[in-house]
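The values are calculated or read from the model by the stated rules, or taken from the named source; none is laboratory data. Keep in mind it's a predicted model, so treat the numbers as computed, not measured. Counting neighbours? That spans all protein chains shown, and the Cβs are built from the backbone with ideal geometry, glycine included.
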Amino acid sequence: MVCPQFVLFGDSITEQSFRPGGWGSALADSYSRKADVVLRGYGGYNTRWALFLLDKIFPLQSSKPPLVVTVFFGANDAALLGRSNERQHVPLLEYKENLHRIITHLKNCSDSMLVVLITPPPVDENGRSQYARATYGESAVELPERTNETAGTYAKSCIQVAIESGVPVIDLWSKMQETVGWQQKYLSDGLHLTPEGNALVFEELLKILSERGLNFVDMPDDFPHHSIIDDKDSQKSFQGRK
């Protein structure tokens with residue numbers, strides 16, 4: 001039996017998700033022998049650059065497209081013009097259009113594919129400034145390259161795209177800020193996730209998967225558990241498995 005694929009498509013927050021305590025590694029562990037979790041995260045990428053990857057990662061002619069794809073972009077698109085990371089900036093309307101193009105492409109790959117959008121997380125501007133000084137010294141730019149207000153605007157646009165496209169969305173920007181002290185609890189450098197932040201993404205994603213009948217408890221194993229293999233006639237236990 002060939003396991004279905006879950007592809008995690010996004011920027012550095014996705015790329016880092018297979019690190020210890022990451023939401024991707026938690027997903028791979030939970031769906032062991034149920035689904036193959038494939039990491040396609042690209043640090044520093046915005047939705048404009050992500051469009052160039054679609055045909056390469058998700059070819060339309062694939063005979064076995066992914067069952068689930070998470071699309072997690074926006075943290076870089078929301079970088080501010082005139083600041084240190086302005087080359088990553090994508091205007092808000094273009095960001096929305098790019099998300100629509102990504103979703104359309106994925107739906108053209110498979111009309112049964114579950115596409116899950118994830119909004120950019122909130123930004124702890126003080127945490128970003130502290131990270132910049134620790135990394136680049138006191139000469140680091142004082143003005144943050146991202147603000148929480150701008151991240152929230154992109155998050156709201158991501159939600160709008162999800163509604164317009166009829167796909168589920170994890171509103172990470174709002175969900176994290178429901179917790180007092182979210183800045184230190186969920187963010188390691190004002191932007192990227194702590195183990196607790198990763199756990200929140202995993203929990204929210206698991207809710208959506210479960211609602212769509214894809215809870216790992218209910219999905220079949222690829223091959224039989226060792227305890228049910230007939231040691232007298234092992235071949236019988238593998239009949240019908242492809």
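Taking the criterion of being in contact (Cβ under 8 Å) with a residue 60 or more places away in the chain and in a helix (DSSP H, G or I), the residues of region 159-182 that qualify are Gln160, Val161, Glu164, Ser165, Trp182. Somewhere in region 224-242, is a residue in contact with a Phe, Trp or Tyr (Cβ under 8 Å, 6 or more places away or on another chain), outside any helix (DSSP H, G or I) and touching a residue at least 40 places away in the same chain (Cβ under 8 Å)? There is at least one residue in region 224-242 that is in contact with a Phe, Trp or Tyr (Cβ under 8 Å, 6 or more places away or on another chain), outside any helix (DSSP H, G or I) and touching a residue at least 40 places away in the same chain (Cβ under 8 Å). Filter region 1-30 for residues that are in contact with a strand residue (DSSP E or B) (Cβ under 6 Å, 6 or more places away or on another chain) and within 25 Å of Pro224 (Cβ to Cβ) and give the result. Hits for region 1-30 are Cys3, Gln5, Phe6, Leu27, Ala28.
Of all residues in region 157-191, those being touching a helix residue (DSSP H, G or I) at 6+ places or on another chain (Cβ under 7 Å) and modelled with pLDDT under 95 number 3. Restricting attention to region 61-81, and to residues there that are modelled with pLDDT under 95 and among the aliphatic types (A, V, I, L, M), which single residue is surrounded by the most Cβ atoms within 10 Å (Cβ to Cβ)? The qualifying residue surrounded by the most Cβ atoms within 10 Å (Cβ to Cβ) is Ala79. Within region 23-54, if we keep just the residues that are crowded, with 17+ Cβ neighbours inside 10 Å and of a type in the set (Val, Ile, Thr), the residue that is farthest from Glu204 (Cα to Cα) turns out to be Thr47. Being part of a loop (DSSP other than H, G, I, E, B), touching a residue at least 12 places away in the same chain (Cβ under 8 Å) and not polar (S, T, N, Q) is the filter; apply it to region 82-103 and report the residue that is surrounded by the fewest Cβ atoms within 10 Å (Cβ to Cβ). Restricting to residues being part of a loop (DSSP other than H, G, I, E, B), touching a residue at least 12 places away in the same chain (Cβ under 8 Å) and not polar (S, T, N, Q), the top hit is Arg83.
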